[in-house]
Amino acid sequence: MAKSAIVQGSPIKKSEWKKDFKRHKMLYLLSLPTLIFLIIFHYIPIYGIQLAFKDFFAMRGIWGSPWIGFENFERFFRSYYFWDLMKNTLGINIYELLVSFPAPIFLAILLNEVTKSKFKKSVQMVTYAPHFISTVVLVGIISIFMSQETGLINVLIKSLGFEPIPFLTSARWFKTIFVFSGIWQSVGWGSIIYMATLTGIDPQTVEAAIVDGATKLQRIWHISIPGIMPTATILLILKVGRIMGVGFEKVFLLQNPLNQSSSDVISTFVYRVGLVGADYSFAVSVGLFNSVINCIMLVAVNAISRRVSETSLW
Amino acid sequence: MSIVNKNPRISDKIFDICNYTFLSLVLVTFIYPLIFIISASISNPDMVFRGEVWLLPKDITWEGYQLILDYKDIWTGYRNSLLYVFVGVPFSMFLTFTAAYPLSRKDFKARNLIMYIYTFTMFFGGGLIPTYLLMRNLGLINNFACMVILPSAVGVYNIIVTRTYFQTNIPTELRDAAEIDGCNEITFFVRVVLPLSPPIIAVMGLFYAVGKWNIFFEALIYLTNRQLFPLQLILREIVTSARMNPELLEGMDPSVIEKLTRITNSIKYGVIIIASVPVLMAYPFLQRYFVKGIMVGAIKG
């Protein structure tokens, strides 16, 4: 991302801005709608974060409600569900980091070695499609295949003489179902960016390797994998920067009282406490805690990556 | 890779066999659920319930679709979702394209500053509750406009992709020529830039349309009036609630439960198909565009 150096106050700079404004009036005008939109819907809510340190009274509004310091945070850290929420939120993310993150890389590398372009195209077309399916439909499909009485997987298990497994209503299976259905939905789409990087590799390098007698596996190991490392690193940084974020929709839709001990994450908790329970300030403090950790992680991982691999976001 | 290895060694052969086998299996795991759901939607529900249908439809019946036709909520939801797409997508496209073009102009001094303002929102925001309170103060709860003017109506990532497309596909010489002819920026944007950009228009149109069609979370929190529910909310009641929330069924008359379960079982396959049809229909036509679109963004994101 580009760096901007805006120094205010110096008269030369000021007149430059004036000149630019005169020259590009129309460009400023074009930028205006989106700027206003983002300021209203993304910057103004930041003002509401102060609720995390306040006791919210609807009658008195955000500004008029009394300050209570860190009381909400203390309440959250001391509560019995705090560790469960942390364990689940981090657990799902680490599971995804280990299993879902490498999946598209793997798929892209394998697809890159396919020489029959028709086969390649059909694999791509079919694996991209689930990306466009809604979460509700995905969860519908999961429940169709996994349900205890009628799901095909359990029909198969029963026909082999085993006891059916209550996939949807057991805490033990929740994370696995969550992660693997996620792979099904996004592995194809996620592979596009790696495919693009792989096609960007200089064909001469590959040719030279073939002349030198490198096998396909050696070419993958020495050319393809190093070639996609920078892209993978950037995506990894972004992923770690969301280590505390779990998409709300799928968790919410897969959640039920029987698997809640393993499925309750911060986003569903904030929804339940804040919107359903109307305990606004408490929910804001939990959400703030979440995004602060995410920001710290993003900055930290980015710094580490810059040191180690010279690839970084900024 | 276009180079043909003259002496494919045994290890390469083995690799190829494994690779093709593995990818074929992948293909099957992606296509199979679709085939099964189509078959199940037109099979005798009792046979599906007993697990007798596993690939091809058995004892074909249109009962499920008949029930769907009579299910009023589904069609209200369908109508609402279509309306949200047709009004929401142009709104989102307007914001995205007007924002992207100035950012693509290297001689535009404010571009870095504006870029910062945009990208910051990708990493930090007020969060769920403050945004909800804002929407409530603006009177957008339970409002048709709410589904159009959502905080997510414009995606910063989409702006960046579109900007990159403009940067790489609109030659600066064109702009210079137009300037000499006395053409102003907005006329140039509308008359020259947009007509040169069908691929990115198609991609963004598809992204936003799919996003609006699939919208769930925001509809869940901002809408309580059933008349405004998009299809996904109705769908959720059908495909998940009864089966997965035993609590919902507590205290109900067993015969009612049985009837409900039976209806749910016969229609859940059909509604999944009906809800996915618009997206899956547009998909093959737009596929070549969106791969291009995402690649453009990937190269210089």
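All of the numbers you see were taken from the coordinates with simple rules; none came from a lab. Quantities reported herein were computed from a predicted structural model and do not represent experimental measurements. Please note: Cβ atoms are built from the backbone with ideal geometry, for glycine as well, and neighbour counts cover all protein chains shown.
With the condition kept exactly as written, say whether any residue in segment A:82-94 is in a helix (DSSP H, G or I), among the acidic types (Asp, Glu) and out of contact with any Asp or Glu (no Cβ under 8 Å at 6 or more places or on another chain). Reasoning before the result, please.
Of all residues in segment A:82-94, those in a helix (DSSP H, G or I) come to A:82-94.
Adding the requirement that they be among the acidic types (Asp, Glu) leaves A:84.
Next cut, out of contact with any Asp or Glu (no Cβ under 8 Å at 6 or more places or on another chain) only: none.
No, the conditions are met nowhere in segment A:82-94.
Condition check ((1) assigned to a loop (DSSP other than H, G, I, E, B); (2) in contact (Cβ under 8 Å) with a residue 12 or more places away in the chain; (3) of a type outside the set (Gly, Ala, Ser)) across all residues:
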{"site": "A:188", "(1), (2), (3)": "no, yes, no"}
{"site": "A:195", "(1), (2), (3)": "no, yes, yes"}
{"site": "A:206", "(1), (2), (3)": "no, yes, yes"}
{"site": "A:210", "(1), (2), (3)": "no, no, yes"}
{"site": "A:225", "(1), (2), (3)": "no, yes, yes"}
{"site": "A:230", "(1), (2), (3)": "no, yes, yes"}
{"site": "A:234", "(1), (2), (3)": "no, yes, yes"}
{"site": "A:238", "(1), (2), (3)": "no, yes, yes"}
{"site": "A:252", "(1), (2), (3)": "no, yes, yes"}
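Inspect all residues belonging to segment A:146-165 and state whether any of them is crowded, with 21+ Cβ neighbours inside 10 Å, more than 20 Å from residue A:103 (Cβ to Cβ), of a type outside the set (Lys, Arg) and within 7 Å of chain B (Cβ to nearest Cβ).
Looking for residues that are crowded, with 21+ Cβ neighbours inside 10 Å, more than 20 Å from residue A:103 (Cβ to Cβ), of a type outside the set (Lys, Arg) and within 7 Å of chain B (Cβ to nearest Cβ), one finds none in segment A:146-165, hence no.
Results for (1) of a type in the set (Asp, Glu); (2) more than 14 Å from every other protein chain (Cβ to nearest Cβ), shown as yes or no for each residue.
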residue: A:74; (1), (2): yes, yes
residue: A:82; (1), (2): no, yes
residue: A:85; (1), (2): no, yes
residue: A:113; (1), (2): yes, no
residue: A:118; (1), (2): no, no
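Residues in segment B:126-139 that are small (Gly, Ala, Ser) and either surrounded by fewer than 21 Cβ atoms within 10 Å (Cβ to Cβ) or more than 7 Å from chain A (Cβ to nearest Cβ) (or both): how many? Walk me through how you get there before you give the answer.
Here is the first cut: in segment B:126-139, the ones small (Gly, Ala, Ser) are B:126-127, B:139.
Filter once more, keeping what is either surrounded by fewer than 21 Cβ atoms within 10 Å (Cβ to Cβ) or more than 7 Å from chain A (Cβ to nearest Cβ) (or both): B:139.
Result for segment B:126-139: 1.
Hey, can you tell me all the residues within segment A:131-142 that are free of Cβ contacts under 8 Å to residues at least 60 places away in the same chain and more than 7 Å from every other protein chain (Cβ to nearest Cβ)?
From segment A:131-142, those free of Cβ contacts under 8 Å to residues at least 60 places away in the same chain are A:131-134, A:137, A:140-141; that's our starting set.
The one that is free of Cβ contacts under 8 Å to residues at least 60 places away in the same chain and more than 7 Å from every other protein chain (Cβ to nearest Cβ): A:131.
Let me spell it out: the conditions are (1) within 19 Å of residue A:143 (Cβ to Cβ); (2) touching a residue at least 24 places away in the same chain (Cβ under 8 Å), and residue A:290 meets all of them except one. Which number is the exception?
Going through the list (1) within 19 Å of residue A:143 (Cβ to Cβ); (2) touching a residue at least 24 places away in the same chain (Cβ under 8 Å), residue A:290 breaks only (1).
List every residue pair whose Cβ atoms lie under 8 Å apart, where the two residues are 6 or more positions apart in sequence or sit on different chains, the first residue falls within segment A:12-27 and is over 19 Å from residue B:99 (Cα atoms), and the second residue, located anywhere, is surrounded by fewer than 11 Cβ atoms within 10 Å (Cβ to Cβ) and of a type in the set (A, V, I, L, M, F, W, C).
Partner pairs satisfying both residue conditions: A:13/A:7.
Scan B:144, B:86, B:123 and give me the residue that is within 7 Å of another protein chain (Cβ to nearest Cβ) and either surrounded by fewer than 21 Cβ atoms within 10 Å (Cβ to Cβ) or over 19 Å from residue A:40 (Cβ atoms) (or both). I'd like the intermediate steps shown before the answer.
Numbers: B:144 fails: within 7 Å of another protein chain (Cβ to nearest Cβ); B:86 fails: within 7 Å of another protein chain (Cβ to nearest Cβ).
Within the list B:144, B:86, B:123, the selection yields B:123.
In segment B:207-214, is there at least one residue being closer than 23 Å to residue A:128 by Cα, part of a loop (DSSP other than H, G, I, E, B), within 14 Å of chain A (Cβ to nearest Cβ) and in contact with a helix residue (DSSP H, G or I) (Cβ under 8 Å, 6 or more places away or on another chain)? Step through it out loud before you land on a result.
Narrowing segment B:207-214 to residues closer than 23 Å to residue A:128 by Cα: B:207-214.
Checking the rest, the ones that are also part of a loop (DSSP other than H, G, I, E, B) come to B:214.
Narrowing further to those that are within 14 Å of chain A (Cβ to nearest Cβ): B:214.
Remaining after also requiring in contact with a helix residue (DSSP H, G or I) (Cβ under 8 Å, 6 or more places away or on another chain): B:214.
Yes: one or more hits.
How many residues does segment B:28-76 contain that are in contact with a Pro (Cβ under 6 Å, 6 or more places away or on another chain) and assigned to a helix (DSSP H, G or I)? Break it down stepwise before answering.
From segment B:28-76, those in contact with a Pro (Cβ under 6 Å, 6 or more places away or on another chain) are B:39, B:42-43; that's our starting set.
Narrowing further to those that are assigned to a helix (DSSP H, G or I): B:39.
The total comes to 1.
One line per residue, one yes/no per condition, for (1) closer than 30 Å to residue B:260 by Cβ; (2) among the β-branched types (Val, Ile, Thr); (3) in contact with a helix residue (DSSP H, G or I) (Cβ under 7 Å, 6 or more places away or on another chain):
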residue	(1), (2), (3)
B:19	no, no, yes
B:33	yes, no, yes
B:46	yes, no, no
B:52	yes, no, no
B:60	yes, yes, no
B:64	yes, no, yes
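Taking only pairs six or more apart or across chains, which ones have beta-carbon atoms under 7 Å, a first residue in segment B:35-48 that is more than 12 Å from residue B:63 (Cα to Cα), and a second residue that is of a type in the set (Asp, Glu)?
Correct list of pairs: B:47/B:59.
Give me a count of the residues in segment B:143-201 that are among the hydrophobic types (A, V, I, L, M, F, W, C), under 19 Å from residue A:23 (Cβ atoms) and outside any helix (DSSP H, G or I).
Of the residues in that region, 2 qualify.
Quick check on my filter: what residues within segment A:274-314 are among the β-branched types (Val, Ile, Thr), buried (at least 18 other Cβ atoms within 10 Å of the Cβ) and either at the interface with chain B (Cβ under 10 Å from one of its Cβ atoms) or not in a helix (DSSP H, G or I) (or both)?
Of everything in segment A:274-314, those that are among the β-branched types (Val, Ile, Thr), buried (at least 18 other Cβ atoms within 10 Å of the Cβ) and either at the interface with chain B (Cβ under 10 Å from one of its Cβ atoms) or not in a helix (DSSP H, G or I) (or both) turn out to be A:284, A:286.
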